[in-house]
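Asker: Structure provided below as structure tokens; questions to follow.
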Amino acid sequence: MPTETRRAGPPATGAQTPQRRSAGRALKHAMLIAFGLVMLYPLLWMVVSSFKPTEDIFSEPGLIPSTFTLDNYTEGWTALEYPFHHYIFNSLVVVAGAVIGNLLACSMAAYAFARLEFTGRKLFFAVMLMTIMLPVHVVIVPQYILFSELGWINTFYPIIVPKLLATDAFFIFLMVQFIRGLPRDLDEAARIDGCGHARIFWRIILPLCTPALATTAIFTFIWTWNDFFAQLVFLVDPEMYTVPVALRTFSDSTTQTSWGPLFAMSAISLGPIFGFFLAGQRYLVRGIATTGIK
């Protein structure tokens, strides 16, 4: 049979040439870089200002210091009642307790909502989701009264113990969505081998939830490390101060603010956040991606 020869005609209307696609990608990347620099500028300015003398911070607002000094770091480290590493240690204790509490309690609550059949499950799940919309300022007074009656004021218990009771509904919802995406055939196979809910949870579900657990750990670390309001309310003695509350003491309404030491210690306090985030970044992306496609 005769074969028809097709001649290459002009590109269809609306089709993009490789040059146009390359130009479009370059424009998008340039816009993203520009927006990124705009968002990073306050952070860069703070870090650069931490190396300036205090009197030059606002008189020379540029990113290139005319005078470079490390006095803000040496002064800020010992400027408060305790060395700054004391407040970092307090924050690490609080963050460690909060992360462990959320990982254990929220994962068990999520397994119950995702896998167990019990009366009122949908109602309890809806009530749990409604607590996400409840501002922390609404419950802080009842919490303070309760913890005061327990004698927990000026201790780390008001910040750590609620995490052990699965009070962060956002992380429960996150892990419920992840567990629902796991095939139930794994549970059935485990039951045939004689496993109960406890062994199914610890041996099968929990290892498969690594992305969701990493996401929970990262967000809990960042939110607890940066939490100022609750720690200011419950921690009264300067010996118990965490990093956010300690940074506040550099600024006093009755005296002059020590901007240089404040910026220096603020830059140091960002180190654990960046380190923890970079260490679990790939798990964070996987956890959010796999949870969002349900």
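Where a number appears in this text, it was derived from the coordinates with a stated rule and is not lab data. This structure is a prediction, so every number in the text was calculated from the model and none was measured. Note: ideal-geometry Cβ built from the backbone for every residue, glycine included; neighbour counts use all protein chains shown.
Asker: If you plug each phi of segment 173-190 into the Karplus form 6.51 cos²θ - 1.76 cosθ + 1.60 with θ = phi - 60°, what whole-Hz ³J(HN,Hα) values come out, in order, with x for Gly and Pro?
Answerer: In residue order, the calculated couplings are 4, 4, 6, 4, 4, 5, 5, 4, x, 7, x, 6, 4, 5, 5, 5, 5, 5 Hz.
Asker: A further question on this structure: What 222 nm value per residue comes from the helices of the chain, counting each DSSP H run with n ≥ 4 as -39,500 (n - 2.57) and dividing by all residues, nearest 500 deg cm²/dmol? Walk me through the numbers before you get to the answer.
Answerer: Numbers: 14 runs with 185 residues, N = 294.
Roughly -20000 deg cm²/dmol at 222 nm, from the helical runs in the chain.
Asker: Also, I was wondering about something else. Gaussian network model of the chain, Cα springs within a sub-10 Å range: biggest mean-square fluctuation belongs to which of Arg203, Arg21, Arg191?
Answerer: Result: Arg21 has the largest fluctuation of those listed.
Asker: Whole-Hz Karplus ³J(HN,Hα) for segment 132-144, in order, using 6.51 cos²θ - 1.76 cosθ + 1.60 and θ = phi - 60°, x for Gly and Pro?
Answerer: Each residue of segment 132-144 in turn: 4, 7, 8, x, 5, 5, 6, 9, 5, 5, x, 5, 5 Hz.
Asker: Suppose R0 equals 45 Å; then what is the FRET efficiency for Lys28 and Glu149 from their Cβ-Cβ distance, rounded to the nearest 0.05?
Answerer: Details: r = 57 Å, r/R0 = 1.27.
Calculated value: 0.20.
Asker: Something else: At a threshold of 8 angstrom on Cα-Cα distance, excluding pairs fewer than six apart, so keeping six or more, what relative contact order does segment 80-292 reach in percent? Could you put the intermediate results ahead of the total?
Answerer: Details: 203 pairs, mean separation 71.6, N = 213.
Computed value for segment 80-292: 34 percent relative contact order.
Asker: Follow-up question, since we're still on this one. Regarding the chain, what are the three Cα extents along the principal axes, ordered largest first, in Å?
Answerer: 95, 62, 33
Asker: Of the options Asn102, Ile172, Leu43, report the single residue whose Cα projects farthest towards the positive end of the charge dipole of the chain (beta-carbon charges: Lys, Arg +1; Asp, Glu -1).
Answerer: Farthest along the dipole direction, towards plus: Ile172.
Asker: What distance in nm separates the two pseudo spin-label positions at Leu278 and Phe89, each 7 Å out from Cα along the beta-carbon direction?
Answerer: The two pseudo-label positions are separated by 2.6 nm.
Asker: Sticking with this one: For the chain, modelled as a Gaussian network with Cα springs under 10 Å, which listed residue fluctuates most, Asp193, Asp56, Asp227?
Answerer: Asp193
Asker: In segment 52-152, what chymotrypsin sites (Phe, Trp or Tyr not before Pro) fall in a loop by DSSP, with at most 13 other Cβ atoms inside 10 Å?
Answerer: Answer by residue number: Phe58, Phe68, Phe118.
Asker: Figure the gain on full extension for Arg248 and Ser66 (residue separation times 0.36 nm, minus the Cα-Cα span) and round it to one decimal in nm. Write down the numbers at each step before the final one.
Answerer: Details: separation 182, 0.36 × 182 = 65.52 nm, distance 2.78 nm.
Taking 0.36 nm per residue and subtracting the Cα distance, the gain is 62.7 nm.
Asker: May I ask for the longest run of the chain untouched by GluC sites (Glu not before Pro) that are loop-located per DSSP and have at most 14 neighbouring C-beta atoms (other than their own) within 10 Å? Don't skip to the answer; put the middle values down first.
Answerer: Details: sites that count: Glu4, Glu81, Glu117.
Of all site-free stretches, the longest is 118-294.
Asker: Here is a follow-up. Specify the inter-centroid distance of segment 73-88 and segment 137-172, based on alpha-carbon positions, in whole Å.
Answerer: 28
Asker: Explain nothing, just the number: dipole magnitude of segment 80-292 about its Cα centre with +1 on each Lys and Arg Cβ and -1 on each Asp and Glu Cβ, in debye rounded to the nearest 20. Before the final figure, lay out each step's value.
Answerer: Details: 12 positive and 12 negative charges, 161 e Å.
Its charge dipole is roughly 780 debye.
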